[in-house]
Every structure is written in C-alpha cells, then in structure tokens.
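Okay, so here's the structure we're looking at.
The values are calculated or read from the model by the stated rules, or taken from the named source; none is laboratory data. On a predicted model such as this, the values are computed, not experimentally measured, just so you know. Please note: Cβ atoms are built from the backbone with ideal geometry, for glycine as well, and neighbour counts cover all protein chains shown. Heads up: the accessible areas ignore ligands, DNA and RNA and are worked out on the full protein's heavy atoms, side chains in. Shrake-Rupley method; radii C 1.70, N 1.55, O 1.52, S 1.80 Å.
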Amino acid sequence: MPNPSDNPRVLLIDDSIDVHRLLKVRLRHEQIRLVDALNARDGLELAKKEPPATILLDLDMPDTDGFEVLRALKEDSTTNSIPVIVLSAMSSSEDKVTAFDLGATDYVTKPFDLAELRARLRAALRLDQLLHLLADRANVDGLTGLGNRAHFNKRWAEKVAECRRHPMPLALAMCDVDHFKRVNDTYGHPAGDEVLQGVAKMLQSECREIDVACRYGGEEFALIMPATSTPDALVVAERVREALMRVIWPRHPEHQITMSIGLVGSSGGIGEATAANWLEQADRNLYSAKRDGRNRVVSSELDSSVRWTSRASDAPSADSQAKAA
Amino acid sequence: MPSQARDGRNTDAAIHSTFANDPDMRELIELFVSELPGRIDEVRIAASSQDAESLRRLMHMLRGSCGGYGFAELGRLAGRIEEALGCCAIQTPDGEGALDNVRAEVHSLIALCARVTAAAPD
C-alpha cells in the first residue's frame with residue numbers, strides 16, 4: 001500500500017487563511033502532502049529547508065511582492081528547479097508575462113476552477129518528476145549504474161569543501177582495472193563490459209553506505225570515503241581489491257581480474273589542498289601501484305611524500321595471471 | 001414583506017453557496033460564513049477611517065476566496081472595488097477620492113454579505 005508520507009510535498013504560499021483551508025479540503029484526494037506558509041518569509045524558508053515538488057505561490061501578499069518571492073526562488077540553487085504555479089487575482093497579460101519570464105511554470109487566476117487547478121498541479125508534479133529523472137540520468141553512468149565523472153566531480157568538490165569548513169577525515173581511492181585492454185582484446189568487448197559492470201557491483205557491495213563509488217572513465221573508478229582516516233580507508237580499499245580477485249567471471253572463469261588502487265587520505269586539516277590536487281596525488285599513487293606490479297594499494301597522507309604499499313602476500317599478481325593465460 | 005430592487009430581484013433573499021450541497025465543503029462554508037461578520041466589521045472600520053489600503057487588502061482577500069467558497073457574486077464585487085481602489089489610489093495618495101468613488105459599492109457589498117448563509121437552499 002502506498003505510504004502517504006512518500007507523496008510529493010506541495011508548498012502553498014498565500015496570505016489568505018481561506019485559500020489554505022479551501023485547498024486543504026479541495027486537494028485532499030490528490031496524492032500530495034500540502035505544506036503551508038502564510039507569508040513570503042516562511043514560504044521561502046520552508047522551500048529552502050526541504051524543497052517541495054511544486055510551489056503554489058500567491059502574487060499579492062502584504063509583506064512582499066510575489067514576483068520578488070518568485071525571483072528569490074529562481075535565484076537560489078536549492079529551489080530554482082521547483083515548478084511554481086502562480087495563483088493570482090491579477091489577470092492582466094502583463095502580470096502573466098512577468099511571472100512566466102521570471103520562471104513560473106503556470107499561472108492560475110483566482111477564484112480558481114478547482115478541476116483545472118488539480119489538473120495543472122498534476123502537470124507541474126509530472127514536470128518535477130521528469131526534471132529529477134533528467135538530473136539523475138545526467139549523473140549516472142549508463143553501463144554500470146554508478147555515478148559518472150560529472151557526478152564524481154561534483155560530489156568530490158563538495159566533500160573537500162566540507163572538509164575545509166569542518167576539518168574531518170576524508171579519503172579518495174582511484175581504482176583502475178589491471179590489463180583491461182587484454183580482456184577486451186582476448187574475450188571481446190561484451191566481456192569487457194561485463195567486467196566493468198562486475199567491478200561496479202562489487203564496489204557497491206564492498207563499500208559502506210557513506211562511501212560514494214563512481215565510474216571515473218574507461219576502466220577507472222573513484223571511491224570517495226567521507227569521515228574515514230587513511231588507515232581505515234586502506235582497510236576498505238584492500239577489501240575491495242581482494243573481493244575483485246575472488247570474482248569468477250562467467251565468460252572467462254579461468255581469467256582473474258585485479259585492480260590497482262591509489263589512495264590519499266587526510267585526518268583533518270587539509271591546508272591549501274584542493275579537490276584537483278588531491279585527485280592528482282591519488283593518481284600518482286595509482287601510477288606507483290601499476291609501476292610496482294599492479295594488484296596493490298599504494299596509499300599516502302595528503303601532501304606527504306611517504307607512501308605505503310599494501311598487498312596480500314598470497315595474492316597472485318595480475319601479471320602472472322596474464323602470463324599464465 | 002421582502003424588498004424589491006428596481007430590476008425586480010429580491011434584495012432580502014438569502015445568498016447560498018453554489019457548493020452548499022457538497023458534503024466536502026459544508027464545514028468549510030459554515031466556518032467562512034461565521035467569520036464573515038468580523039470581516040465586514042473590518043471593512044466598515046476601514047471605510048469610515050478612510051483607510052484605502054486596508055480596504056483594498058480586505059477586498060483582495062474576499063476577491064480571492066469568495067469564489068472558492070461558492071459566493072462568486074461577492075467575489076466579483078470585491079474585485080471591482082479592489083481594482084477601483086488600486087487605480088485611484090495612484091491619483092490620490094491619501095485614498096480619500098478613491099473611497100468616495102467606491103462608497104456605494106462598499107455598501108452593496110456589506111448588504112450582500114448580510115444575506116449570505118451557510119445553509120443549503122430548500
């Protein structure tokens with residue numbers, strides 16, 4: 001049975017208590033949760049705090065001009081994509097044009113025809129759903145279902161910025177499938193795709209809920225580990241590396257797949273480090289892991305030249321496996 | 001004996017909501033009608049104290065809500081008063097001239113409100 005608390009939130013910003021009471025009754029059979037604000041200030045605060053799926057906005061309120069509220073909603077990155085239906089007793093073309101130019105999705109004149117308002121609200125909610133779907137698609141890698149590079153860039157920049165504001169541990173692991181080209185050349189591209197999908201699935205099952213796994217590009221994956229010190233991140237990275245070695249691949253069960261990992265973590269203060277140079281340091285460690293024989297984790301503290309290489313002593317190297325194949 | 005307007009309408013007849021028979025709306029209409037005398041008092045005060053802006057806001061509220069509660073005629077009249085006050089207030093910042101122009105319509109609105117009932121028509 002659908003849970004009413006999962007219904008999309010619709011925020012009504014209107015100074016008239018009559019309109020609030022009326023819409024609460026008239027929209028109660030819609031699959032929505034109606035949240036209300038009787039003035040612009042409360043409305044803007046609610047919209048920013050928990051962005052609703054659609055906003056019904058009255059244009060003429062005593063404390064402010066509704067156009068100003070619309071402008072504020074459209075200028076704020078947390079609220080600018082929320083569809084806004086303007087409710088107004090003002091029905092001049094000029095007002096409608098201004099509302100649409102400021103980013104309103106729709107304009108309904110008061111007193112409203114309720115069947116029409118319901119239909120327009122449903123259309124706005126569909127638009128909101130499509131916008132979310134589009135935003136999700138733009139951030140998802142089509143082959144693996146993990147976040148794509150754009151998503152990684154955004155999340156990584158956010159995490160580093162958070163870490164700068166409130167010092168806390170943070171680690172980044174760049175993981176690259178060893179000798180991936182050989183998989184494609186030997187078993188064909190479908191087998192290569194299967195490996196990438198398998199690595200993505202393994203990353204999702206081995207990392208923790210707080211971690212963010214993304215496909216950085218090609219056969220390279222990025223793993224952001226928030227609130228995780230370098231030694232703890234190393235444990236996760238090792239677990240990931242070992243888990244991949246255990247995977248039996250349906251198309252080539254005799255061929256083991258391994259990955260090399262470059263890890264850089266910080267236990268708190270990140271100084272002048274930026275998201276970009278943190279990533280460069282992780283790439284350098286990844287390069288070292290490749291150069292030193294692959295199937296290993298090379299880790300270091302941020303801005304430190306001291307590196308550790310970690311690799312299970314009994315782990316057969318990708319090189320030896322490839323040679324055997 | 002009920003009074004008759006010049007056009008023959010019964011000016012004492014009760015005004016019912018067009019939604020009076022809608023069970024979803026019954027309670028809301030009762031609440032709306034019970035609060036109407038208070039609002040009309042505010043209209044009287046604004047009119048007698050020459051407070052055009054308060055009067056315009058009160059008309060704006062009535063214009064936006066009356067139709068939704070099934071009293072479209074009241075809403076339309078409030079809308080006409082609001083518009084008249086809005087455009088005249090620009091010419092006379094004190095609003096005095098504006099109030100003179102709408103005084104008759106404000107009286108009609110007060111008279112109409114007195115006839116509003118939450119009861120369903122027989």
(request) Report the FRET efficiency, 1/(1 + (r/R0)^6), for B:Ala104 and A:His29, where r is their Cβ-Cβ distance and R0 is 41 Å, rounded to 0.05. (result) 0.45
(request) Apply 1/(1 + (r/R0)^6) to the Cβ-Cβ distance of B:Asp41 and A:Arg182, taking R0 = 56 Å, and write down the FRET efficiency to the nearest 0.05. (result) 0.05
(message) Of all beta bridges DSSP finds with both residues in the protein assembly as shown, what is the antiparallel percent, to the nearest 5?
(response) 50
(message) Residue by residue through A:8-19, how many Cβ atoms from other chains fall within 10 Å of the Cβ on average?
(response) 3
(request) Report the FRET efficiency, 1/(1 + (r/R0)^6), for A:Val306 and A:Asp232, where r is their Cβ-Cβ distance and R0 is 25 Å, rounded to 0.05. (result) 0.90
(request) List the residues of the stretch A:108-128 whose accessible area drops by at least 20 Å² when all protein chains are present, compared with their chain alone, using a 1.4 Å probe and counting only protein heavy atoms. (result) A:Lys110, A:Pro111
(message) Computing the accessible area with a 1.4 Å probe over protein heavy atoms, can you report the carbon and sulfur percentage for the protein assembly as shown?
(response) 52
(message) Take the residue pairs A:Lys49/A:Lys201; A:Lys154/A:Lys201; A:Lys159/A:Lys181; A:Lys154/A:Lys290; A:Lys48/A:Lys110; A:Lys24/A:Lys74 and return only those whose Cα atoms are more than 24 Å apart.
(response) A:Lys49/A:Lys201; A:Lys159/A:Lys181; A:Lys154/A:Lys290; A:Lys48/A:Lys110; A:Lys24/A:Lys74
(request) Indicate the residues belonging to the stretch A:54-97 that lose 40 Å² or more of solvent-accessible heavy-atom surface (probe 1.4 Å) upon moving from the chain alone to the assembly of all protein chains, ignoring ligands and nucleic acids. (result) A:Asp60, A:Ala89
(message) Can you say what percent of the DSSP beta bridges in the stretch A:4-137, counting only those with both residues inside, are antiparallel? Round to 5.
(response) 5
(request) State in Å² the accessible area per residue of the protein assembly as shown; use a 1.4 Å probe, count heavy atoms of protein chains only, and round to the nearest integer. (result) 49
(message) Under 5 Å between amide hydrogens, which residues at least 5 positions from A:Thr258 or on another chain qualify, with H placed 1.01 Å from N in the peptide plane?
(response) A:Asp178
(request) State, as an integer percentage, the relative contact order of the stretch A:168-270 based on alpha-carbon contacts under 8 Å between residues 6 or more apart. (result) 45
(message) Using Cα-Cα distances under 8 Å and only pairs 6 or more residues apart, what relative contact order does the stretch A:4-137 have, in percent?
(response) 22
(message) Taking 8 Å as the Cα distance limit and 6 or more residues as the minimum spacing, I'd like the relative contact order of chain A as a percentage.
(response) 12
(request) Starting from the Cα of A:Glu272, step 7 Å along the direction of its Cβ; do the same at B:Arg26; then give the gap between the two resulting points in nm. (result) 7.7
(request) Please give the length that would be gained between A:Glu280 and A:Leu130 if that part of the chain were fully extended, namely 0.36 nm times their separation in residues minus their C-alpha to C-alpha distance (nm, one decimal). (result) 50.4 nm
(request) For the stretch B:53-77, list whatever residues lose no less than 50 Å² of accessible surface once every protein chain is in place, relative to that chain by itself, with the probe at 1.4 Å. (result) B:Arg57, B:His60, B:Met61, B:Arg63, B:Gly64, B:Tyr69
(request) Quickly work out the A:Ala157-to-B:Ser34 label distance, labels modelled 7 Å from Cα along the C-beta direction, and quote it in nm with one decimal. (result) 5.6
(request) Rounded to the nearest 100 Å², what's the accessible area chains A and B bury against each other, both chains counted, probe 1.4 Å? (result) 1600
(message) Tell me the angle of helix A:114-139 to the major Cα principal axis of chain A, expressed in degrees between 0 and 90 and rounded to the nearest ten.
(response) 20
(message) On C-alpha positions alone, give me the angle between the axis of helix A:66-75 and the longest principal axis of chain A, in degrees, nearest 10.
(response) 10
